[in-house]
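J.: Mind looking over this structure? Questions follow.
The values are calculated or read from the model by the stated rules, or taken from the named source; none is laboratory data. It should be emphasised that the depicted structure is a prediction, and the values quoted were computed from it without experimental measurement. Here the Cβ positions follow ideal geometry from the backbone for every residue, glycine too, while neighbour counts run over all protein chains shown.
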Amino acid sequence: KEQNEKEMPFIARRILQGLFFTQDTDEQALYGNAFRWIASSDNLVGTQALVDDFVDKANRYKRFGADAIIRQMLQQVLMAKQQLNSPNKDQLIEIVNKGIASIK
């Protein structure tokens, strides 16, 4: 609910769980907002945590089609990072591109 940058890595590692494995629509909406918040942020640690978790889940649950869904989500993150006007924009884009390339 409250956007605290220090909590971003913690939240980032739980987004997929909150979006897809929660029945509560209000909670799903919160995680959707958190996804958009991290996707549009210039926080390197939060971005890395999100990408690492997404890649892990994409590869772990590939047999269920998670890789395709997560690849699309990471493409959304990439587009958001490309829109940033931040000194670490290139690093953020590299994190996301490496993540996408790591999905098997």
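J.: Could you please let me know if Ile38 is at pLDDT 95 or above and more than 10 Å from the chain's Cα centre (by Cα)?
T.: Spelling it out, it is not the case that Ile38 is at pLDDT 95 or above and more than 10 Å from the chain's Cα centre (by Cα).
J.: Same structure, new question: Is it the case, given these coordinates, that Asp67 is part of a loop (DSSP other than H, G, I, E, B) and out of contact with any Asp or Glu (no Cβ under 9 Å at 6 or more places or on another chain)?
T.: Judged against the criteria, Asp67 is not a match.
J.: Are there any helices (runs of 4 or more DSSP H) wholly within the range 1-60 with 3 or more residues that are surrounded by fewer than 16 Cβ atoms within 10 Å (Cβ to Cβ), and if so which?
T.: The helices (runs of 4 or more DSSP H) meeting that bar are 25-39, 44-60.
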